[in-house]
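Q: I am attaching a structure below and will ask some questions about it afterwards.
Read the figures in this text as sums done on the coordinates, not as results from a lab. Every value quoted in this text rests on a predicted model; they were computed, and no experiment measured them. Cβ placement follows ideal geometry from the backbone for every residue including glycine, while neighbour counts extend to all protein chains displayed.
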Amino acid sequence: MNKLLFYTINFMPYPFVPPPEELESAWVTIPNSHYDPRVGHRLYTDYLEEEIATERFGYDGVLVNEHHQNAYGNMPSPNLVASYIIARTSRIPVGIIGNALPLYNHPLRVAEEVAMLDVISGGRIISGFVRGTGMEYFSYGENPTYARDKFWEAHDLILKAWTEPGPFEWEGEHFHLRYVNPWPRPLQQPHPPIWIPGVGSLETVDETAKRRYTFMQVYAPRWLLTKALLAYRKIAEEKYGYTPSPYQLGAAIPTYVAETDEQAHREARPHLTWLFRNGLQHPAYFAFPPGSMSKKSFRNFLGTLIEKNIKPLHELTYEDLIEQEYVIVGGPDTVIEQLEKFQEESGAGVIVGAGGQWGAMPVWMAMKNMQIMAEQVMPHFRPPDGKPIWAREEPKVPTTLSEQAATVAPALAPRIRFDDDTYMDPRVGHIPEEVEAARNQVGAPTHGQ
Amino acid sequence: MSESPATVPRPKRFYTEPEWLDVGEIRVAYRRKGSGEPTIFLHGAGATRMWLPFYEQMSASVDFVAPEHPGFGETEAPEWNFGFDDLVLHYRDFADTLGLSRFHLVGFSTGGWIAAAFAVFYPERLASLTLIAPAGVYVPGKPLTDLFAMPPERIATMLFSGREAAYLDYLPDGTNLDDIVHAYGELTTFAHLTWAPSHDPKLPRRLRGLRVRTLVVGAEDDWIVPNEHVDRYAELIPGARVVRIPGTGHGLLIQEPERAAAEIVSFIEGNAR
């Protein structure tokens, strides 16, 4: 078993924007006249190549995410990016840390698209479900006071659509559908693995532990992140009576590894500074619209911020990021040591953001981060063969036609009816002898193969 | 959205103990004083839990009833999702429970929107309608200020059109956790009702047929509900009259309580039941 699973998450930033001092926010209201699509084309091309490279580097998976109307991450449709990645890779799992369910008034679209991706990719999809940041509610005009209810109703509808035979009727508070019957259904059974990110609110930790999904703590000082993951384990054990797998516990910790500690800091400092101070620049009123948290959660959250003196993300200096362990930066030995510490303290088996692109990094730097991670850090957390988790199992469906023909028999054969009530399999309908044989069986249509 | 009334913080100035009335499943906190024409006042998205000087002025001439909306002040929000239509029914039941079959309805800002919606559905219950700096309609190019997209101190500036320093007593303590959490709760109810759309697209068509004597009160320079909204209401409601209170912003009831009360009382008395 791999002790720690390594995932990249490439936010696809657009760093060619004014500094934070000149903007209200890098989200929601940052004028899109700053966006040059020609530059965007180049960035998407770079970022997609970095994501595709994760397979050869030997990552356990590659994650894409969803944000709207911002310079921090230009991935408003994570499903589109996932689609591109699965087309250019063959084995690596692709995690969609969207879809922001409350933003969509048709959860079936999410059920359909994720199922499509799962079938096309041969069962390589991890389906995240997120509520999205507060900013998305401004950008999408969606009422934040409905977000929590709508999130869980959409989740329940999607899960039912994936796991129970259709058509069935859905009458909820937010969604009203007479015919729920999505085609296709997902390939992974009973459904793709589900990840839910959280800021550490106990409500989310509890709901995630209850369903045995993977909880992914987003950026936080290490003590807070550890606290949330320990809470998951405790809730799973004490309230729901099971011991979670380390693979149910993850955290996003931007990580940069280079040849030496000194070299790593020299290279990471400007880009992690951009990521937090520029990319994440947003006022509190955008981040926490009314109703996005319950009053009780808001009180706890605000109380913790005040009591522990937690700064907004965009006010953190590089030194804060290092000291409070929001990030991990160093040579291979330092990174190994810090990842081991993270793992021992929190019990987590999943690290998100282990290498890859941050801020305004050029391709070579993002690739270098991943290559050193792959060659000098990952093997330390793996059995002697160094394999990523997906290389330890067979593909979930046959990858060749010969295997497919030998092992997967459709329950029904296609059938057409001729005017004389003859039924036959259209796949042999061009062969006169087969047509003749079928005509001799009028009234006795064949079922199956 | 709900919390026990015991934990609701009390403003330092103007706080008075409310009376309580069970209206359906909702326990309504309200304040009432005075005699004469029964007048129900619907507050805006803040300044709750207080017996404001404007209320005192009004109560010198009319029977002034000031309930707190569900999810505001000391009235708890229901557990279910609710909209303006539910509030109209709620205030019908509130008036019924108080035994007020015909009364004057006065609404400020978001309360003006509720009052306009009420008038559309129950015109026969109203002796008159007064809309003060009312929200609820859309004026192209002059949208309602997005109060969700600004910090609390900026909201204060917008409320008093840049002259908030004179009215700090009326504002919640921005440093006290209880006050901040309570304000978050009220803002949550406000968002629940008005996040999008921030007006009722059906209201203009419905107001055109309204047969209720209406006064629309505007500020001189309103930074929250632009002055054009007052004009729009007056244009939509047949026979509506407009007055503007000089030297005021959206906080006109706090800035000019005597002047505002005098205008409204005179209108109410001119339309006695």
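Q: Could you give the angle, 0 to 90 degrees to the nearest 10, between helix A:332-346's Cα long axis and the longest principal axis of the Cα atoms of chain A?
A: For A:332-346 against chain A, the angle is about 80 degrees.
Q: Quote the Stokes-Einstein diffusion coefficient, in whole µm² s⁻¹, for the stretch A:1-119, based on the Kirkwood radius over alpha carbon pairs, a temperature of 37 °C and a viscosity of 0.692 mPa s. Show your work: numbers first, answer last.
A: Working: Rh = 15.6 Å.
D = 210 µm²/s.
Q: Helix A:222-238 versus the longest principal axis of chain A: what is the Cα-based angle in degrees, 0 to 90, to the nearest 10?
A: 50 degrees
Q: Here is a follow-up. Return the whole-Å distance between the Cα centroid of the stretch A:37-75 and the Cα centroid of the stretch A:284-317.
A: Here the two parts' Cα centres lie 29 Å apart.
Q: If the chain between residue A:425 and residue A:156 were fully stretched, how many nm would it gain, using 0.36 nm times the residue separation less the Cα-Cα distance?
A: 92.9 nm
Q: What's the extension gain from residue A:240 to residue A:375 if we count 0.36 nm per residue and subtract their Cα-Cα distance? Mind showing how you got there, number by number?
A: Working: separation 135, 0.36 × 135 = 48.60 nm, distance 3.90 nm.
That pair, residue A:240 and residue A:375, stretches by 44.7 nm at full extension.
Q: Next question, about the same structure. So what is the orientation-averaged projected area of the stretch A:349-422, using the convex hull of its C-alpha atoms, in nm²?
A: Projected area, direction-averaged: 11.0 nm².
Q: Hey, fewest Cβ within 10 Å first, where do A:44, A:137 land in order?
A: A:44, A:137
Q: With the contact rule set at Cα under 8 Å and sequence spacing of 6 or more, what percent relative contact order holds for chain B?
A: 21 percent
Q: If neighbour count is taken as other Cβ atoms inside 10 Å, put A:4, A:108 in order from fewest to most.
A: If I rank by nearby Cβ atoms, fewest first, I get A:108, A:4.
Q: Also, quick follow-up: Once Rh for chain A is found with the Kirkwood sum over Cα pairs, what is the Stokes-Einstein diffusion coefficient at 37 °C and 0.692 mPa s, in µm²/s? Please list the in-between numbers first.
A: Numbers: Rh = 23.7 Å.
The Stokes-Einstein estimate is 139 µm²/s.
Q: Something else now. What do you get for Rg/Rh of the stretch A:171-242 when both radii come from the Cα atoms and Rh is the Kirkwood radius? Please report the intermediate quantities before stating the final value.
A: Values: Rg = 15.8 Å, Rh = 14.3 Å.
The Rg/Rh ratio comes out at 1.11.
Q: Excluding same-chain residues fewer than 8 positions from residue A:296, which aspartates and glutamates have a Cα within less than 12 Å of its Cα?
A: A:203, B:3, B:178
Q: Of the residues A:386, A:429, A:98, which exhibits the maximal mean-square fluctuation in a Gaussian network model of chain A defined by a 10 Å Cα contact cut-off?
A: Among A:386, A:429, A:98, the largest GNM mean-square fluctuation belongs to A:429.
Q: Of A:271, A:380, A:430, A:155, how do they rank once you tally other Cβ atoms within 10 Å and put the fewest first?
A: With the fewest neighbours first, A:271, A:380, A:430, A:155 line up as A:430, A:380, A:155, A:271.
Q: Looking only at the stretch B:241-273, which residues have a backbone nitrogen under 19 Å from a spot 7 Å from the Cα of residue B:33 in the C-beta direction?
A: What the label zone holds, given the 19 Å backbone N cut-off, is B:253-266.
Q: So, one more: If you keep only loop residues by DSSP, which GluC sites (Glu not before Pro) in the stretch B:1-96 have at most 15 other Cβ atoms within 10 Å of their Cβ?
A: Answer by residue number: B:25, B:79.
Q: Taking Cα pairs under 8 Å and at least six residues apart, what relative contact order does the stretch A:11-76 come out at, in percent?
A: 52 percent.
Q: Determine the alpha carbon to alpha carbon distance for each of A:227/A:311; A:160/A:295; A:239/A:311; A:160/A:396; A:227/A:341; A:311/B:12 and list only those over 24 Å.
A: A:160/A:295; A:239/A:311; A:311/B:12
Q: Still on this structure, I have one more. Using only Cα atoms, locate the centre of the stretch A:401-427 and the centre of the stretch B:184-249, then give the distance between them in Å, rounded to an integer.
A: Going from one Cα centre to the other spans 67 Å.
Q: Could you give the length gained on full extension between residue A:387 and residue A:56, defined as 0.36 nm per residue of separation minus the Cα-Cα distance, in nm?
A: 118.0 nm
Q: Tell me which trypsin sites (Lys or Arg not before Pro) from the stretch B:132-204 have a DSSP coil assignment and no more than 16 other beta carbons within 10 Å of their own.
A: Details: sites: B:154, B:163, B:202; in loops: B:163, B:202.
Here the trypsin sites (Lys or Arg not before Pro) that fit, given the DSSP loop and packing criteria, are B:163, B:202.
Q: Give the dimensionless ratio obtained when the Cα radius of gyration of the stretch A:127-236 is divided by 2.2 N^0.38 Å. Spell out each step's value before the answer.
A: Details: Rg = 15.7 Å, N = 110, 2.2 N^0.38 = 13.1 Å.
Ratio of Rg to 2.2 N^0.38 Å for the stretch A:127-236: 1.20.
Q: Follow-up question, since we're still on this one. What angle do you read, to the nearest 10 degrees and between 0 and 90, between the alpha-carbon axis of helix A:37-57 and the longest principal axis of chain A?
A: Taking Cα atoms only, the helix is inclined about 80 degrees.
Q: Taking every DSSP beta bridge with both residues inside the protein assembly as shown, roughly what % is antiparallel (nearest 5)? Walk me through the intermediate numbers first.
A: Working: 17 of 70 bridges.
Of the beta bridges lying entirely in the protein assembly as shown, close to 25 percent run antiparallel.
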